[in-house]
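Inspection log for the structure reproduced underneath, given as structure tokens.
The values are calculated or read from the model by the stated rules, or taken from the named source; none is laboratory data. Predicted, not measured: the structure shown is a model, and the values here were computed from it. Positions of Cβ are generated from backbone atoms using ideal geometry, with glycine treated the same way; all protein chains shown enter the neighbour counts.
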């Protein structure tokens, strides 16, 4: 069967985690820092390293079969691609921001104002939704300096932590669009066997990342309460201990769910609680 091609960011905030995800899926490849294309040695896949803005177009045109890219880039390029899997990293928000002493207090105050952005398509749709007439200034980089230079009254830019905004005397004003990295595919790829295998690997890695393997000891008399708190992938595994009347409970649980239940488990008699990372979960 012909190799599939997947496009990922050559450099930038999604590159490292995209590479790590593929390697966690058991894919063996090298030279990804110095090449524009590399072949996976143990799976029928080739990896293209591109500018993130180019990835949706390459997938839409069928030059690449798959791509890992931010949702904001897909919307901005208005590419026709299939969403296959949300990947849980690269989370950010496209936000409106103004100078700290600005007289702009709500969205209506943007009427007649100028807004600098690298995302004019997304911003225009947002403003149209709220019936706001503003002058959109397209800037390819360093958008956050525009208000300070008198180039605009506000900006619309990607925000992860907000540190860059604060450093430039700006404050977050409104959310335009939330985004995260997604796996996309070209139309017509739905029944491909290689894609199905890759998706299974990716989903097993993502599921494992969100869960933990938990082992704890408890007296049999308290077992019903403990198992009621721990549902696991199927149900908890219960193993008798050498000490009469005690058992070990093994299960898989969401890490967030575990920390929310830790005090309930201890109150129900759980002892010797061990929490371990999981490499992969195959459903």
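Residue-level analysis places residue 151 outside the set of residues that are farther than 28 Å from residue 21 by Cβ, surrounded by 16 or more Cβ atoms within 10 Å (Cβ to Cβ) and in contact with a strand residue (DSSP E or B) (Cβ under 9 Å, 6 or more places away or on another chain).
Here is a yes/no grid of residues against (1) buried (at least 19 other Cβ atoms within 10 Å of the Cβ); (2) free of Cβ contacts under 8 Å to residues at least 12 places away in the same chain:
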site	(1), (2)
12	no, no
49	yes, no
53	no, no
67	yes, no
72	yes, no
78	no, no
85	no, no
105	no, yes
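Yes/no per residue for (1) assigned to a loop (DSSP other than H, G, I, E, B); (2) closer than 20 Å to residue 190 by Cα; (3) assigned by TED's automatic domain parsing to the domain that holds residue 166; (4) modelled with pLDDT of 95 or more:
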residue: 8; (1), (2), (3), (4): no, yes, no, yes
residue: 13; (1), (2), (3), (4): yes, no, no, no
residue: 16; (1), (2), (3), (4): no, no, no, no
residue: 30; (1), (2), (3), (4): yes, no, no, no
residue: 47; (1), (2), (3), (4): no, yes, no, yes
residue: 57; (1), (2), (3), (4): no, yes, no, yes
residue: 60; (1), (2), (3), (4): no, yes, no, yes
residue: 85; (1), (2), (3), (4): no, yes, no, yes
residue: 101; (1), (2), (3), (4): yes, no, yes, no
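Give the residue, chosen from 281, 226, 273, that is part of a loop (DSSP other than H, G, I, E, B), touching a strand residue (DSSP E or B) at 6+ places or on another chain (Cβ under 7 Å), in contact (Cβ under 8 Å) with a residue 12 or more places away in the chain and surrounded by 14 or more Cβ atoms within 10 Å (Cβ to Cβ). Just a single option satisfies the conditions, and that option is 281.
Restricted to the range 142-176, and to residues there that are more than 12 Å from residue 97 (Cα to Cα), part of a loop (DSSP other than H, G, I, E, B) and within 26 Å of the chain's Cα centre (by Cα), the residue that is modelled with the highest pLDDT is 142. Evaluating residue 201 against the criteria (1) within 30 Å of residue 64 (Cβ to Cβ); (2) modelled with pLDDT under 90 leaves one unmet condition, (2). Of all residues in the range 189-198, count the ones that are surrounded by fewer than 17 Cβ atoms within 10 Å (Cβ to Cβ) and either part of a helix (DSSP H, G or I) or within 17 Å of the chain's Cα centre (by Cα) (or both). Result for the range 189-198: 3.
Here 109, 75 are screened, and the one residue that is assigned by TED's automatic domain parsing to the domain that holds residue 156 and not in a strand (DSSP E or B) is 109. Is it the case that the range 125-132 has a residue that's assigned by TED's automatic domain parsing to the domain that holds residue 57 and more than 21 Å from the chain's Cα centre (by Cα)? Among the residues of the range 125-132, not one is assigned by TED's automatic domain parsing to the domain that holds residue 57 and more than 21 Å from the chain's Cα centre (by Cα), which makes the answer no.
Residue-level check: of (1) modelled with pLDDT under 95; (2) in a helix (DSSP H, G or I); (3) touching a helix residue (DSSP H, G or I) at 6+ places or on another chain (Cβ under 8 Å), residue 214 misses just (2).
Go over the candidates 24, 15, 3, 42 one by one and state the one that is under 20 Å from the mean Cα position of the chain (by Cα) and farther than 30 Å from residue 140 by Cβ. Within the list 24, 15, 3, 42, the selection yields 24.
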